[in-house]
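Right, one structure below, let's go through it.
The values are calculated or read from the model by the stated rules, or taken from the named source; none is laboratory data. None of the values given here were measured: they were computed from a predicted structure. Don't worry about glycine lacking a Cβ; one is built from the backbone with ideal geometry, like all the others, and counts go over all protein chains shown. Ligands, DNA and RNA are excluded from the accessible area calculation, which covers all protein heavy atoms including side chains. Shrake-Rupley method; radii C 1.70, N 1.55, O 1.52, S 1.80 Å.
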Amino acid sequence: MRKRSATVALTLMGAAFALSGCREDRTEASSFPDLASCRAEAEAGSLNFTPADCDAAFAQAQADHEETAPRYDALAVCEEEHGVGNCEQQAEAGGGFSFMPLLAGMMIGQMLGGRGIMSQPLVNTANGRFATPGGTSVASNNGRGAMNASAFQKAPATVGRPPMSQADVMRRGGFGSSGAARTSFGG
């Protein structure tokens, strides 16, 4: 009887360990439509970030946006995925041009273990939400909440790659559909 109890206890401990290994690490995140709004909240002391953190995070988000934002071969395709008036023409390094969504803000979070800050650019989506280039969706570009740390993983580079056509977008099921799991905060 005692041997069976030990086996059951070990099985339960193994199941609990396996379940805890499946839970993703979460971090507190904030989103802002622009650098000024991040700096204003940091200066008011309502964030765990300083104005200098906002400067660094926004600069990184802008650089990541230029490198990883989705690119389309036509304005109509871009606006279908990101909304009318939310796209701009972008010259390509090898000649020609593409269309990419405008930077609509940034998401900033604390690295796990307090090792610094991390950021992600945000773009508009066709349904009125916002998303990172990796496909993490948030309801607002002005909110706070707990996010999976994976939401801050940098998306694959799109710069230098052929822009997506309407057929490419349809095959993928739309912007972000083949990306990371969606997460939501901000309402």
Residue within region 126-143 that is outside any strand (DSSP E or B), open to solvent by 30 Å² or more (accessible area, probe 1.4 Å) and at pLDDT below 90 present: no
Residues that are assigned to a loop (DSSP other than H, G, I, E, B) and over 21 Å from PRO163 (Cα atoms), drawn from region 80-125: MET111, ARG115, GLY116
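Which one is surrounded by the most Cβ atoms within 10 Å (Cβ to Cβ), of the residues in region 148-174 that are aliphatic (A, V, I, L, M) and either at pLDDT below 90 or not in a strand (DSSP E or B) (or both)?
In this case the residue turns out to be ALA151.
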Of all residues making up region 44-73, the number that are touching a Ser or Thr at 6+ places or on another chain (Cβ under 9 Å), of a type in the set (D, E, K, R) and open to solvent by 70 Å² or more (accessible area, probe 1.4 Å): 1
Residues of region 18-41 that turn out to be in a helix (DSSP H, G or I), of a type in the set (Ser, Thr, Tyr) and at pLDDT below 90, as a count: 1
Some residue of region 81-104 being open to solvent by less than 20 Å² (accessible area, probe 1.4 Å), more than 24 Å from ALA36 (Cβ to Cβ) and of a type outside the set (Val, Ile, Thr): yes
